[in-house]
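I have placed the structure first, in the form of structure tokens, so that the comments after it can refer back to it.
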Amino acid sequence: MSARPGRALLPTGLLVLALLLAAAALFTWRVLPRQGGALEVVPLAADKSLGVNTDLSGLPPMDVRSTVANVQASSFRWLRHRFAWDVMEPRRGSYD
């Protein structure tokens, strides 16, 4: 029994693919860094700083201001507060 005609091309195709990948890697390694120098720093999508969870809902306005000032003085960069959505929007499209 003879091998199928397409099977003879498989090793040659794999060799060509390997050579193309090696050439692309060499091009990337040797040529691209010269064009732009060092890679530029990409900022993170999310802020990874420290923050605090709070519940300010029952506090009088002066205490809320004092608490927020204390959070800022403690070097926290964000404050998260849970809002009751059903209180903010008692009926769909009607905001309080």
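Points worth noting:
- Residue check for residue 69: modelled with pLDDT of 90 or more and surrounded by 10 or more Cβ atoms within 10 Å (Cβ to Cβ): yes
- Flag if residue 58 is modelled with pLDDT of 85 or more and either in contact with an Asp or Glu (Cβ under 8 Å, 6 or more places away or on another chain) or assigned to a loop (DSSP other than H, G, I, E, B) (or both): yes
- Sole exception among (1) surrounded by 10 or more Cβ atoms within 10 Å (Cβ to Cβ); (2) modelled with pLDDT of 90 or more for residue 50, by number: (2)
The values are calculated or read from the model by the stated rules, or taken from the named source; none is laboratory data. Just so it is clear, the structure is predicted and the values come from calculations on it, not from any experiment. Here Cβ is always computed from backbone atoms with ideal geometry, including for glycine, and neighbour counts include all displayed protein chains.
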